[in-house]
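Computed from the coordinates by the stated procedures, all read-outs in this text should not be read as laboratory data. Given the structure is predicted, the values throughout are model-derived calculations rather than measurements. Note that each Cβ is placed from the backbone with ideal geometry, even for glycine, and that neighbours are counted across all protein chains shown.
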Amino acid sequence: MTVSLAVPDVLVARAQAGDEAALEALFRAFETPVYNLVRRMLRRPEDAEDVLQETFLEVVRNIKQYRGEGHLWGWIRRIASTKALMRIRRDQVRQTESLDEEPGKPGMHIGANLDLERAFERLSETSRAVVWLHDVEGYTHEEIAEQMGKSVSFSKSQLARAHARLRRMLDEGAHA
């Protein structure tokens, strides 16, 4: 899915010059697609809201470095996905640190009406991020690996495992 979000060059130039109205216009132009991207990667809406804000803080801080190479949406999308991946990593570290305190999670009950969206929600955030970036956003395994600080084989194996898990969950849902 390619999002075509063209903004006038003059608006970008004004934003680069520090024009607050232009920065606000960029935020309004990209707020929904950024939120939708990070919401697909993160489990909680409040995390997506935080990452949306972090993304635009980064855009404001670094808009002067945007050289106009490629589409502005691609540049902003990369910032947003990187911020979401950083959030996932941070949460995984916290989760690992708290495993000793947590007795374990209850088993999953998969209902008969499980659809792809619900199955997708049951994937780990790392798997969801890889599936979303690869299958929906069109990132290559090389790009995903670079953003996640992992190897290309990590990205490929995460995607393959996530696809297999989704198929299993959907099959179980259909046969329940």
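Our estimate of slack between residue 118 and residue 21, defined as 0.36 nm per intervening residue step minus the Cα-Cα distance, is 31.0 nm. Extension gain for the segment residue 157 to residue 32, taken as residue separation times 0.36 nm less the Cα-Cα distance, is 41.9 nm to one decimal. Loop-located GluC sites (Glu not before Pro) in the range 12-81 (DSSP state not H, G, I, E or B) with no more than 15 neighbouring Cβ atoms inside 10 Å: 69.
Run the numbers for residue 43 and residue 172: contour at 0.36 nm per residue of separation, minus the present Cα-Cα distance, in nm.
Details: separation 129, 0.36 × 129 = 46.44 nm, distance 2.24 nm.
Extra length available between residue 43 and residue 172 comes to 44.2 nm.
Taking other C-beta atoms within 10 angstrom as a stand-in for reagent exposure, 155, 124 fall in the order 124, 155, fewest first.
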